[in-house]
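Structure first, commentary second.
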Amino acid sequence: MKEFIERTLVIIKPDGVKRNLSGEIISRFEKTGLKIVGLKMIWIDKDFAKKHYPESLIPVLTEKTFLDYDSMNVKVNEPREKVGKGAYEDLIRYISEGPVIAMVLEGVHAVEIVRKLVGTTSPHKSPPGTIRGDFTHLSMGYATYRKIGGRNLIHASGTKEEAKKEISLWFKESELHSYKGVHDEHIL
Ligand code: DAT
Ligand code: MG
């Protein structure tokens, strides 16, 4: 059943590392039976950050900011594009402000399972039991308003295609390992 096995990229962002949440976060993934096949600590610069988060993300950030602004009753005079560009610059500064832990997890439906455990982008909407819901509480609107970056602890690939691209950006083939885990006996 090897054709159903997926790999996905997870990054514990600088706030997760600084808050000593790395072990807790990794253990949530391990407990589901997903297998760690690559893991390292790395301090990325802004150029690398822009490869991971390309400028094409700006319209998404703009959308998410204004959805939160509506619910927060925040009215801004700046043009939408300027707000979105600002949120993007904050994000690049935030993801490169300290070391991160990058890992590749493998398993059946790995991409979807990891996203389920991570929760929604804006932690204030992320359900209890999710990593973002349990360990932080800000909103993307608040983050953009305060210009601090969307500190939501963790990154996880959104789709299988995104996972493929992101894994090849962050990991060399030689840094990824294939081995038999105990869960394989029950699942494969
Ligand atoms: P996700 O990380 O849930 O896949 P995304 O890909 O839409 O979300 O955005 C990438 C990151 O950008 C997200 O983890 C945090 C940040 N971000 C998203 N929307 C934002 C916003 N409106 N203001 C500030 N940061 C934002
Ligand atoms: Mg994303």
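The values are calculated or read from the model by the stated rules, or taken from the named source; none is laboratory data. Not measured: the values here are computed from a predicted model. Don't worry about glycine lacking a Cβ; one is built from the backbone with ideal geometry, like all the others, and counts go over all protein chains shown. What goes into the accessible areas is simple: the full protein's heavy atoms, side chains included, and nothing from ligands, DNA or RNA. Shrake-Rupley method; radii C 1.70, N 1.55, O 1.52, S 1.80 Å.
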Checklist entry - For the peptides 117-127, 48-58, what is the packing order when you average, over each peptide's residues, the other Cβ atoms within 10 Å and list the highest mean first? => result 117-127, 48-58
Item to check | Rounded to 10°, Cα long-axis angle of helix 58-72 versus longest principal axis of the chain | outcome: 60
Item to check | Computed [θ] at 222 nm, helices only, for the chain once each DSSP H run of length n ≥ 4 contributes -39500 (n - 2.57) | outcome: -13500 deg cm²/dmol
Checklist entry - What does the accessible area per residue of the chain come to in Å², with a 1.4 Å probe and no ligands, DNA or RNA counted? => result 55
Checklist entry - Over the Cα atoms of the range 26-91, Rg to Rh with Kirkwood Rh, two decimal places? => result 1.16
Checklist entry - How large, in percent, is the carbon and sulfur part of the accessible surface of the chain at a probe radius of 1.4 Å? => result 56
Item to check | Using distinct alpha-carbon pairs, which all enter the 1/r mean, Kirkwood radius of the chain in Å | outcome: 17.2
Checklist outcome for this item: For the table LYS13/LYS64; LYS18/LYS82; LYS46/LYS125; LYS35/LYS160, the rows whose alpha-carbon distance is greater than 25 Å are LYS18/LYS82; LYS46/LYS125
Item to check | Charge dipole magnitude, Cβ of K and R +1, D and E -1 - the range 29-188, Cα centre, debye nearest 20 | outcome: 280
Item to check | Helix 22-31 vs. the chain, principal-axis angle (Cα, 0 to 90°, nearest 10) | outcome: 50
Checklist outcome for this item: The FRET efficiency for GLU78 and LEU39, from their Cβ-Cβ distance with R0 = 45 Å and rounded to 0.05, is 0.65
Checklist outcome for this item: With the 8 Å Cα cutoff and a minimum separation of six or more residues, the range 7-90 has a relative contact order in percent of 26
Item to check | Distance between modelled label sites at VAL182 and SER27, nm, 7 Å Cα→Cβ extension | outcome: 1.6
Checklist outcome for this item: In terms of the charge dipole of the range 80-188, which places +1 on Lys and Arg and -1 on Asp and Glu at the beta carbon, the residue among ILE95, ILE148, ILE113 farthest towards the positive end is ILE148
